[in-house]
Amino acid sequence: MYSINELISVAVKANVCEDPKNIRIIFPYDLHPDNGIKSVGGVVAATDDKVFVIDDGEIKKSFSLCDVENIMVTNGIGCIFIEAKMKDGSEQVICRGSGSSIKLFKEAGSDLIRLVNGKLKGEIKEYAGGNACPKCGRPLLPGSSSCMRCTGKSSYVKRLLKIAYPWRWMIILSVLLYFVTAVIGLIPPMLNQKLVDDYIQPNVALTLTTSVLIGFVGVIVSMLIVNLINRGVSIIRSLLMIDAGAGIITKLRQMTFDKIQSLSIGRINARTSGELINRVYSDTQTVKNFLVNQIGEMIQMVVTLITVGLILFVYNWKLALLVLCPMPVIVIANRYIMQNLHKYFKLSWVTSSKASSILHDTFSGIRVVKSFGMENKEIGRYKEITDKEREVSIRSESFAGSIMPIISFFLGIGEFFIMFYVGNKIIGGEMTLGEMSKFSAYVGLIYAPLRWISRLPNIISRTGTSLVKIFDILDEENEVEDKPDCVDIDINGEITFDDLSFSYDETNPVLKNLSFTINQGEMIGIVGRSGVGKSTLINLVMRMYDPTFGAVKIDGVDLRDISQSSLRSQIGVVLQETYLFSGTIYDNISYAKAGATKEEVIAAAKLAGAHKFIVKLPDGYNTRVGERGNTLSGGERQRVSIARALLRNPKILILDEATSALDTETEKEVQDVLYKLTRGRTTLAIAHRLSTLRNSDKILVLDKGRLAEFGPHDELMAKKGIYYDLVMAQRQMSKMSRN
Amino acid sequence: MDINREKELLEAAGIVYLTCANCRFEKKGDFVSLDLLGNEAKNYSRVNLHRLFPFDRPYSYISVLDSDSQEIGIIAEIGDFDEETCELLKHELDRKYYVCDLISVSSVKDRFGFSYWKVQSTAGEITFTIRDTHNSLRENIDGKISISDIDGNRYTLPPLAKLDKKSRRLVELYL
């Protein structure tokens, strides 16, 4: 990746201009504009007058900006182009970049468009190096603005600890109790030694006196007490952790959920709903487990490792070395084997998920399978994947089955050394049986942390992954933010589009230079071909996105100066796809307005024509609508959703194909309802069936993202333009379908 | 019977197949232009080519679109055109579809839910990152392996059988 100074130096050497200050835009490209696969290190530089394409230090192409009609950024497959459309009608490729340049090309292309239109402001800037981390050059994860390797794990840990701060005492106490557990764990082997050496097999024969009995019982009782204390400490620790864990996970989930709710629709759409659910549920669970269980476990393991290690070394360093010497090798081998095992299990997981996916597909689509007589094909498909699953399962299980006993053997090999060494000592009278039992118990204790260490990388990696994903969401910048000085306004309903252009990716405009005004109380029908930008236009009115250029104004105030809550509380929306939440009809209608009275809900339902079917339901407004409202018919769902939109008594009503999913009769009924409702309210209605827009005051026709026609139905029909053609085509079609 | 049904279906679809008999492609500026010949004669100063089966048949079944992305017709096989036209179309397709040819895989590391690949390509060593390996790798009908990275870059690996042992072991896990 070149720095801006290096790029300017290339441009100056190629004689783009004498003074580098004249360069307004400069950026690199990495694919030859004309050659299929050749990679180059080219540079595009633009001054106020000209664009230069430099390759191998020479200007390969240049053209004057006044000859350019438009600049376009177009997507190839695995690559991206910036093209120029010239005023003479010809088109040419300016540069081509690989997929890694997409972000750079979109930003640079957008600036080139501004330069051509004379709207580029500010100094020359350095464009982000594709989707790579500017520091280390590694690709950034999608949706992430920070590189995991460069941000530093400590900053994530610090932020995590800040989240856990309210529960700090519980966590600290719990960690201390882990410490206590580790220390208490050292006592039983000592008591065991005393029991064996003093009472079970003493050096001198014992006579059963009261003091011996008291001593014997005393040791047993001490063992019991230690065990009791250990269990008691575990119970207190668990209770503390349950409390802290529940608090932390609730806070993490709430923070993540709140952030997702505040993101713009564009940012939310960039992720699948499954992915977002995973963030809120699984990732927060992993982080919580780490905080409340694994940190304490880590302390316990470290304390055990250090104390038991010390005890072993102090008691007999040669014996301790005998036990510990093979451990590093075993730990490393164990880790290597675990990695391989992990790969086998992953393979096994992938094949089983493919098999489940086939099952899901086949059972969900069983009607299609049977209708087309494809049962045998499906049986074959399933057999193929289960055969593969069997093969993978045999491979992974055989590996695990043969390697695990070997690992266990090597992990326990230290015990054979001890048996040999200690056996000799006991035979020689240098060590007692009790000491041997204590030593063996300590050796057993030290294996647990050693085995645990081999799992540590996996724990850290899993927690790190979840942590990064959660902070990715929490750190995400919102595209549509309320300004600090935004205001609440009481909307009258006049909507103005002021030279508005909009593009989802800042380059390929969906709407171009729209300028028109909708008067207060007017009903406007928006028509145009699919994909022409009709829904985008209404999304802009609702401020789901901000315009790329220009502005949307309501009553003369730029939407960006109005608080989003104030704006949306005065807009009612009815969409083609009615989404009802599981709950009652009442819940669904009152969703639009917190604290709505029963009277208001009934009034809205009545206006929407929903009341007449609700009264016939046994449970009236308390009827549960089921998941996505599936216990109601399409028309009923639509009426409930209209009632929901009306509950706010909105100043602006938006109808996006509100009746297109209904049958003709129901559509007519709902249309009549809507007609009554739209009177006096500014209404924007999108409909493919133009007859449904017959009551509109004006029709707005979009064509290729531009405002093609705007006026009353009769006027546009007389004009015989696009609207006329659309109406005629639909009339023709309905005639044909009647015949 | 089947042949008749197939014929009926093809006729009903009304797809225009572009051949050297009914059209002529030419290079115009940096792009390709199209002249439809015969009764439907029309000139398109710029057309876009789009592979209908990019993984299975990269140079067959090419959809030819106008500037509004409306399909003008389909080229069943670009090899049916004369050598010059065939080269022009092939060149245009190769420019639009940038696929980096890989030779072998040096390492794959799974970390934080993503896999980081270090590979040898015809242009030297490169690294890339993949998310959702399940959907980012696919074995094509000819056995070649197509990979898409998080930036939208595309790569092609030789068929598993032609890969060295190490690469095969690494890639196999993700197919």
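The values are calculated or read from the model by the stated rules, or taken from the named source; none is laboratory data. Source: prediction; values computed, not measured. In this analysis, Cβ positions are derived from the backbone assuming ideal geometry, glycine residues included, and neighbour counts consider all displayed protein chains. Heads up: the accessible areas ignore ligands, DNA and RNA and are worked out on the full protein's heavy atoms, side chains in. Shrake-Rupley method; radii C 1.70, N 1.55, O 1.52, S 1.80 Å.
A few remarks follow.
- Residue list for the stretch B:130-175, filter: within 18 Å of B:PHE53 (Cα to Cα) and of a type in the set (Asp, Glu): B:GLU139, B:ASP142
- Scan the stretch A:149-201 for residues that are under 16 Å from A:PHE290 (Cβ atoms) and at pLDDT below 80 and the total you get is 4.
- Matching residues, the stretch B:123-158, being more than 8 Å from every other protein chain (Cβ to nearest Cβ), assigned to a loop (DSSP other than H, G, I, E, B) and open to solvent by 30 Å² or more (accessible area, probe 1.4 Å): B:ASP132, B:ILE141, B:ASP142, B:LYS144, B:PRO158
- Selection count, the stretch A:527-568, where residues are more than 22 Å from A:ARG267 (Cα to Cα) and small (Gly, Ala, Ser): 3
- Residues (more than 8 Å from chain A (Cβ to nearest Cβ) and open to solvent by 40 Å² or more (accessible area, probe 1.4 Å)) located in the stretch B:91-109: B:ILE103, B:LYS109
- When A:VAL480 is tested against the conditions (1) assigned to a helix (DSSP H, G or I); (2) within 30 Å of A:ARG681 (Cβ to Cβ), the lone failure is (1).
- Any hit, the stretch A:681-692, residues being closer than 17 Å to A:VAL574 by Cα, open to solvent by less than 60 Å² (accessible area, probe 1.4 Å) and modelled with pLDDT under 80: yes
- Scanning the stretch A:79-98 for residues that are crowded, with 24+ Cβ neighbours inside 10 Å and at the interface with chain B (Cβ under 8 Å from one of its Cβ atoms) yields a count of 2.
- Every residue from the stretch B:159-175 that is among the hydrophobic types (A, V, I, L, M, F, W, C) and either at the interface with chain A (Cβ under 10 Å from one of its Cβ atoms) or at positive phi (or both): B:LEU170, B:LEU173, B:LEU175
Results for (1) farther than 21 Å from B:VAL99 by Cα; (2) open to solvent by 70 Å² or more (accessible area, probe 1.4 Å); (3) more than 21 Å from the chain's Cα centre (by Cα), shown as yes or no for each residue.
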site: B:ASN39; (1), (2), (3): yes, yes, yes
site: B:TYR44; (1), (2), (3): yes, no, yes
site: B:HIS50; (1), (2), (3): no, no, no
site: B:TYR59; (1), (2), (3): no, no, no
site: B:VAL64; (1), (2), (3): no, no, no
site: B:ILE75; (1), (2), (3): yes, no, no
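- Every residue from the stretch A:558-567 that is open to solvent by 40 Å² or more (accessible area, probe 1.4 Å) and either part of a loop (DSSP other than H, G, I, E, B) or under 14 Å from A:ILE495 (Cα atoms) (or both): A:ARG560
- Selection of the stretch B:73-90 for residues being more than 10 Å from every other protein chain (Cβ to nearest Cβ), assigned to a helix (DSSP H, G or I), touching a residue at least 12 places away in the same chain (Cβ under 8 Å) and closer than 15 Å to B:VAL32 by Cβ yields B:ILE78, B:THR85, B:LEU88, B:LEU89.
- Near pairs, Cβ below 7 angstrom, 6+ apart or cross-chain, from the stretch B:47-69 (more than 9 Å from every other protein chain (Cβ to nearest Cβ)) to any residue that is part of a loop (DSSP other than H, G, I, E, B) and buried (at least 18 other Cβ atoms within 10 Å of the Cβ): B:VAL64/B:LEU18
- A:ILE491 closer than 24 Å to A:SER262 by Cβ, crowded, with 20+ Cβ neighbours inside 10 Å, within 14 Å of chain B (Cβ to nearest Cβ) and in contact with a Leu (Cβ under 8 Å, 6 or more places away or on another chain): no
- Top-ranked residue in the stretch A:62-78 [being in a strand (DSSP E or B) and open to solvent by 20 Å² or more (accessible area, probe 1.4 Å); ranked as nearest to the other protein chains (Cβ to nearest Cβ)]: A:ILE77
- Some residue of the stretch A:328-349 being on the phi > 0 side of the Ramachandran plot and either within 14 Å of chain B (Cβ to nearest Cβ) or out of contact with any Ser or Thr (no Cβ under 9 Å at 6 or more places or on another chain) (or both): no
- Among the residues making up the stretch A:537-557, those that are in a strand (DSSP E or B), out of contact with any helix residue (DSSP H, G or I) (no Cβ under 6 Å at 6 or more places or on another chain) and either more than 20 Å from A:LEU700 (Cα to Cα) or not charged (D, E, K, R) (or both) are A:PHE549, A:GLY550, A:ALA551, A:ILE554, A:VAL557.
- Among the numbered conditions (1) free of Cβ contacts under 8 Å to residues at least 40 places away in the same chain; (2) within 27 Å of B:ILE150 (Cβ to Cβ); (3) more than 12 Å from every other protein chain (Cβ to nearest Cβ); (4) crowded, with 17+ Cβ neighbours inside 10 Å, the only one that B:GLN120 does not meet is (4).
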